[in-house]
Amino acid sequence: MKKIISTILAISLSATLFTSGIAKAEKNEVVEIYVSTMGSDSNSGTIEEPLKTLEGARDRIRKLKKEGTLAGKEAVVYFRGGDYTITKGVVFSEEDSGEIRIITSPTQYGQTVSSMYYPK
């Protein structure tokens with residue numbers, strides 16, 4: 001139980017740490033990235049082709065930044081409903097900073113993230 005709570009707090013903290021320009025970004029365009037337990041990290045991250053992991057979402061955002069696709073835009077990561085198993089720690093660095101929000105309960109779809117946890 002402690003690991004579940006720690007993971008959720010870590011994800012929330014990561015989202016907070018990397019949203020330094022969020023007020024400015026609310027007026028800009030948004031790039032939506034979707035993550036689903038049924039996705040694949042080789043997918044594009046759209047609602048039709050969701051990614052599978054937090055790490056995949058981080059890597060997709062890094063790629064979009066390098067391509068210049070995120071210039072002046074905010075990245076919003078939506079976790080679709082389900083249980084997510086995190087098998088290794090996900091490291092965020094300075095290159096991941098910027099206008100990024102992580103949403104774990106996309107209520108517009110009537111779904112919730114049941115848990116994110118490290119297996120024993």
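The values are calculated or read from the model by the stated rules, or taken from the named source; none is laboratory data. All of these numbers come straight from a predicted model, not from anything done at the bench. With ideal geometry, Cβ positions are generated from the backbone for all residues, glycine too; neighbour counts draw on all protein chains shown.
Here Asn43 meets each of (1) part of a loop (DSSP other than H, G, I, E, B); (2) surrounded by fewer than 15 Cβ atoms within 10 Å (Cβ to Cβ); (3) at pLDDT 90 or above with one exception, condition (2).
Listed conditions (1) modelled with pLDDT under 90; (2) exposed (fewer than 13 other Cβ atoms within 10 Å of the Cβ); (3) among the basic types (Lys, Arg) are all met by Lys63, apart from (1).
This table checks each residue for (1) without any contact (Cβ under 8 Å) to a residue 60 or more places away in the chain; (2) closer than 11 Å to Ile33 by Cα.
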{"position": "Asn43", "(1), (2)": "yes, yes"}
{"position": "Lys65", "(1), (2)": "yes, no"}
{"position": "Leu70", "(1), (2)": "yes, no"}
{"position": "Ala75", "(1), (2)": "yes, yes"}
{"position": "Tyr84", "(1), (2)": "yes, no"}
{"position": "Asp96", "(1), (2)": "no, no"}
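Any residue at all in region 1-14 that's more than 16 Å from Ala75 (Cβ to Cβ), in a loop (DSSP other than H, G, I, E, B) and at pLDDT below 55? Among the residues of region 1-14, at least one is more than 16 Å from Ala75 (Cβ to Cβ), in a loop (DSSP other than H, G, I, E, B) and at pLDDT below 55, which makes the answer yes.
Answer with yes or no whether Ala23 is surrounded by fewer than 17 Cβ atoms within 10 Å (Cβ to Cβ) and either assigned to a loop (DSSP other than H, G, I, E, B) or at pLDDT 85 or above (or both). In short, no. Within region 95-111, the set of residues being modelled with pLDDT under 75, out of contact with any strand residue (DSSP E or B) (no Cβ under 7 Å at 6 or more places or on another chain) and not in a helix (DSSP H, G or I) comprises Gly110, Gln111.
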